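Q: What follows is a single structure, and I will ask about it in a moment.
The values are calculated or read from the model by the stated rules, or taken from the named source; none is laboratory data. This one's a predicted model, so the numbers in the text were calculated from it and none came from an experiment. A quick note on method: Cβ atoms are made from the backbone with ideal geometry, for glycine too, and the neighbour counts reach across all protein chains shown. Each accessible area value is taken on the protein alone, full model and side chains, heavy atoms only, with ligands, DNA and RNA left out. Shrake-Rupley method; radii C 1.70, N 1.55, O 1.52, S 1.80 Å.
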There are 2 protein chains.
Amino acid sequence: MKKKILIHDIAKHLDVSIATVSLVLNGKAKEKRISDGLAEKVLKYVEEVGYKPNQLAKSLRTGKTHVIGLVVEDIANPFFATIAGLIERKALAHGYRIIYCSTSNDIVKTRDILAMFQERHVDGYILALPDGLEGEVSALVRSGKPLVLFDRVLASVLANAVVVDGATGTYEATQHLLAQGLTSVALMTIRDGQTQMLARRQGYTQALREHNLPELVEEIVFQQNPEQVMEQMQAFFQAHPNCHGVMFTTNYLGVYGLEVLKRLGRRIPEDIAVISFDDNDLFRLYTPPITVVAQPMEAMAEEIISMLLAALNGSKETSRMTQLQMAPQLVLRQSSTLPAAATVRR
Amino acid sequence: MKKKILIHDIAKHLDVSIATVSLVLNGKAKEKRISDGLAEKVLKYVEEVGYKPNQLAKSLRTGKTHVIGLVVEDIANPFFATIAGLIERKALAHGYRIIYCSTSNDIVKTRDILAMFQERHVDGYILALPDGLEGEVSALVRSGKPLVLFDRVLASVLANAVVVDGATGTYEATQHLLAQGLTSVALMTIRDGQTQMLARRQGYTQALREHNLPELVEEIVFQQNPEQVMEQMQAFFQAHPNCHGVMFTTNYLGVYGLEVLKRLGRRIPEDIAVISFDDNDLFRLYTPPITVVAQPMEAMAEEIISMLLAALNGSKETSRMTQLQMAPQLVLRQSSTLPAAATVRR
DNA sequence: CTGAAAGCGCTTACAG
DNA sequence: CTGAAAGCGCTTACAG
């Protein structure tokens, strides 16, 4: 195990001052009028012996860590795993690393995570938070820390944010079902005040209202285990045999829903038409393929990183907040399209 | 924005020495014979003003960061996303955070990641590496850094590792197909020297050998884009119309494979029986449900963390390496079970 | 261009 | 128990 080289060793070997080495390494040679020849000599030797400055010392001194704190609901959820992968790649390209934590939508846990990120001096935050942390996030924004909310925002907090227009997403999806003559379309959502869920519900409500149809909303309590969730769904479908269409507001509800409908032996779309928010392999390859409201993952990741980088590099003076709402895309597949034949036969 | 409180402020306010505050905070009050009363007073005031030691300074001084570097192939891959979520939860419970990076199986990128983790002084490593970094990992092991390899190991490197017995997994899966009378079973794998892939291939080979049947292995080149991968698979299936069973060695190959078979209009399992390594929602809910060789995710995560914690807390003197090979589970579903009727009809 | 020095915020032997 | 001090490894104003 070779001994760790220090900046002091470099300076001594080259017979220059520590300051010179440090300035060259930090690209301030020109500014400080250090000759090109000397700068080159330093760079060459540093390269030769493979000297790497101690990042901890550097961070302690400069206050910058080049680490971004990413908070997601659950890294194992395909939506968050995908966005995390895209964000990671883009952040790395700009010299930032990602430290992530899953919240499980637990407020207490999330509060700890935020405190922990702060203690570790992350340079910026990318956050998909549970409802109820308005105070903490306001304080964070006020402190001037670069921060981007995504997926969902906090109702009373003005901050940078990248979200999808969920209302339009479910509105168009619901309209698509109603246009085919369905009169009882349910919305399966979670019981929670998260803004993205509220928006998705609102689009559904509006579509039904325009058709003068009653709402049929089932709110899943998500603190339960999977089996309990599915029992709740199953009970709902059994209680509403005339419900011939259902919109799931998020990917995992959709997955549970498909399993429940399968258990009940309901045919899709003949017995019940199905649409889910979020696209993934499962929905695409399911039999029948599931119609989805897809989020523009790549573009969202791009916007999140751009926004954060702008905040990281921008002056603290002007604090401009940007809220970006991106358009989702309704991807029509067989699960929501009543075959002409089937419709006639009814 | 309130000014940051320092240990110095605490000491001054309580009129005690900085050393006393620090020792109490680090649980060395007893050891240093600090009175219970004083220790309590310190703790109480620290709590009251919400003092949090600067972790960077602490890390610089102690050399410990309480951060674990997690290297996966791709955080968006369900296998890695799931294990990452489980590892995160368990690590957090022991006071460690996770910083992750995806390698995309790119050796150069991975080398950078390892260097970056080292620069950031992670306390330990959890690694699923591409082939070809034997030198780097050997050096890491020699340096005494706590480290656990998982999913795959490096042939020539002796290190802690948690892997699944892939050979037995594919052996049993292949036997299951052959036992039903299939005579042409293909293995779809990736062209790569990763040890887990080699093991999975070996189990297949052994099963076929025992039945005196010829191998039929297709190696996918994975640097291609999805469409190219599927074209290669499609060409394979078209070239081998008599192949009535296929084993995919990993989840994403299985997903692509299902899509290709669907495009070709091949019925599962009537035209071709299918088994994939790795379980997930898609395989479970597919029509028909896909038989899989499932890895014990929860138990693996548990073992990985235990092993790393043992190394983190253990003495540097005795360097004991543990290689753990866990049993996968063959989960039989309809995709691999030729219906009696169908078999007869053939 | 350089050298000496302060300082980022801690921890921990050491002498009392 | 305490106080003074060194030291983790850097960066950067400052005086020359």
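Q: Working only within region B:18-34, note down all residues that are open to solvent by less than 80 Å² (accessible area, probe 1.4 Å) and either farther than 16 Å from B:Pro53 by Cα or not assigned by TED's automatic domain parsing to the domain that holds B:Val46 (or both).
A: If the condition is that a residue be open to solvent by less than 80 Å² (accessible area, probe 1.4 Å) and either farther than 16 Å from B:Pro53 by Cα or not assigned by TED's automatic domain parsing to the domain that holds B:Val46 (or both), then B:Ala29, B:Ile34 are the ones that fit.
Q: Let me ask another. Quick one: in region B:86-107, which of the residues that are surrounded by fewer than 22 Cβ atoms within 10 Å (Cβ to Cβ) and in a helix (DSSP H, G or I) is farthest from the other protein chains (Cβ to nearest Cβ)?
A: In this case the residue turns out to be B:Ile107.
Residue-by-condition table, conditions (1) within 12 Å of DNA strand D (Cβ to nearest atom); (2) outside the structural domain of A:Thr110 (by TED's automatic domain parsing); (3) at pLDDT 90 or above; (4) out of contact with any Leu (no Cβ under 8 Å at 6 or more places or on another chain):
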{"site": "A:Lys58", "(1), (2), (3), (4)": "yes, yes, yes, yes"}
{"site": "A:Ile68", "(1), (2), (3), (4)": "no, no, yes, no"}
{"site": "A:Glu73", "(1), (2), (3), (4)": "no, no, yes, yes"}
{"site": "A:Phe80", "(1), (2), (3), (4)": "no, no, yes, yes"}
{"site": "A:Ile87", "(1), (2), (3), (4)": "no, no, yes, no"}
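Q: Looking at B:Leu56, B:Leu70, can you tell me which residue is open to solvent by less than 30 Å² (accessible area, probe 1.4 Å), free of Cβ contacts under 8 Å to residues at least 60 places away in the same chain and closer than 30 Å to B:Leu253 by Cα?
A: It is B:Leu70.
Q: What residue, of A:Val157, A:Val153, A:Val137, A:Val141, is within 30 Å of A:Ile113 (Cα to Cα), open to solvent by 10 Å² or more (accessible area, probe 1.4 Å) and in a helix (DSSP H, G or I)?
A: On the way: A:Val157 fails: in a helix (DSSP H, G or I); A:Val153 fails: in a helix (DSSP H, G or I); A:Val137 fails: open to solvent by 10 Å² or more (accessible area, probe 1.4 Å).
So the residue among A:Val157, A:Val153, A:Val137, A:Val141 that is within 30 Å of A:Ile113 (Cα to Cα), open to solvent by 10 Å² or more (accessible area, probe 1.4 Å) and in a helix (DSSP H, G or I) is A:Val141.
Q: Here's a check for you: in region B:108-118, which residue that is more than 23 Å from B:Met307 (Cα to Cα) and not hydrophobic (A, V, I, L, M, F, W, C) is surrounded by the fewest Cβ atoms within 10 Å (Cβ to Cβ)?
A: B:Asp112
Q: If you don't mind, another one. Keeping to region A:203-254, report how many residues are touching an Asp or Glu at 6+ places or on another chain (Cβ under 9 Å) and either acidic (Asp, Glu) or in the same structural domain as A:Ile83 (by TED's automatic domain parsing) (or both).
A: Going through region A:203-254 one residue at a time, the tally reaches 1.
Q: Out of all the residues in region A:10-45, which are within 12 Å of DNA strand D (Cβ to nearest atom), in contact (Cβ under 8 Å) with a residue 12 or more places away in the chain and either in a helix (DSSP H, G or I) or among the hydroxyl-bearing types (Ser, Thr, Tyr) (or both)?
A: A:Ile10, A:Thr20, A:Val21, A:Ser22, A:Val24, A:Leu25, A:Val42 - these are the residues of region A:10-45 that are within 12 Å of DNA strand D (Cβ to nearest atom), in contact (Cβ under 8 Å) with a residue 12 or more places away in the chain and either in a helix (DSSP H, G or I) or among the hydroxyl-bearing types (Ser, Thr, Tyr) (or both).
Q: If you check A:Gln234 against the conditions, is it modelled with pLDDT of 95 or more, closer than 15 Å to A:Leu187 by Cα and not hydroxyl-bearing (Ser, Thr, Tyr)?
A: yes
Q: Any idea how many residues of region B:234-268 are within 26 Å of B:Phe79 (Cα to Cα), of a type outside the set (Phe, Trp, Tyr) and either within 14 Å of chain A (Cβ to nearest Cβ) or out of contact with any Leu (no Cβ under 9 Å at 6 or more places or on another chain) (or both)?
A: 13
Q: Can you confirm whether region A:204-227 contains a residue that is away from chain B (no Cβ under 14 Å), at pLDDT 95 or above, open to solvent by 50 Å² or more (accessible area, probe 1.4 Å) and more than 14 Å from A:Ser184 (Cα to Cα)?
A: Within region A:204-227, one or more residues are away from chain B (no Cβ under 14 Å), at pLDDT 95 or above, open to solvent by 50 Å² or more (accessible area, probe 1.4 Å) and more than 14 Å from A:Ser184 (Cα to Cα).
Q: Filter region A:52-72 down to the residues that are in a strand (DSSP E or B) and at the interface with another protein chain (Cβ under 10 Å from one of its Cβ atoms), then identify the one that is farthest from DNA strand C (Cβ to nearest atom). Explain how you work it out, then say what you get.
A: Step one: filter region A:52-72 for residues in a strand (DSSP E or B), giving A:67-72.
Right, trim to at the interface with another protein chain (Cβ under 10 Å from one of its Cβ atoms) and you get A:67, A:69-70, A:72.
Numbers: A:Val67: 17, A:Gly69: 19, A:Leu70: 25, A:Val72: 29 Å.
Residue satisfying both the conditions and the ranking: A:Val72.
Q: Looking only at region A:4-13, filter to residues that are over 42 Å from the mean Cα position of the chain (by Cα) and surrounded by fewer than 17 Cβ atoms within 10 Å (Cβ to Cβ); which one of those is farthest from DNA strand C (Cβ to nearest atom)?
A: Applying the filter and picking the extreme gives A:Asp9.
Q: Tell me which of these B:Leu127 doesn't satisfy, since it passes every other one: (1) surrounded by 15 or more Cβ atoms within 10 Å (Cβ to Cβ); (2) in contact (Cβ under 8 Å) with a residue 40 or more places away in the chain; (3) away from DNA strand C (no atom under 16 Å from the Cβ); (4) within 14 Å of chain A (Cβ to nearest Cβ).
A: Condition (4) is where B:Leu127 drops out.
Q: So, one more: Of all residues in region B:170-187, how many are crowded, with 20+ Cβ neighbours inside 10 Å and either basic (Lys, Arg) or in a loop (DSSP other than H, G, I, E, B) (or both)?
A: Residues that pass the stated criteria total 1.
Q: For A:Val260, which of the numbered conditions (1) surrounded by fewer than 23 Cβ atoms within 10 Å (Cβ to Cβ); (2) in contact (Cβ under 8 Å) with a residue 12 or more places away in the chain; (3) part of a loop (DSSP other than H, G, I, E, B) fails to hold?
A: (3)
Q: From (1) open to solvent by less than 30 Å² (accessible area, probe 1.4 Å); (2) more than 10 Å from every other protein chain (Cβ to nearest Cβ); (3) assigned to a helix (DSSP H, G or I), pick out the condition that doesn't hold for A:Val122.
A: (3)
Q: Of all residues in region B:303-342, how many are surrounded by 18 or more Cβ atoms within 10 Å (Cβ to Cβ) and modelled with pLDDT under 80?
A: 0
Q: Hey, another quick one. Determine if region B:308-321 includes at least one residue that is more than 13 Å from chain A (Cβ to nearest Cβ) and closer than 23 Å to B:Gly203 by Cβ.
A: No, region B:308-321 contains no residue that is more than 13 Å from chain A (Cβ to nearest Cβ) and closer than 23 Å to B:Gly203 by Cβ.
Q: Report yes if A:Ile75 is within 14 Å of another protein chain (Cβ to nearest Cβ), touching a strand residue (DSSP E or B) at 6+ places or on another chain (Cβ under 9 Å) and in a loop (DSSP other than H, G, I, E, B), otherwise no.
A: So A:Ile75 fits the description; yes.
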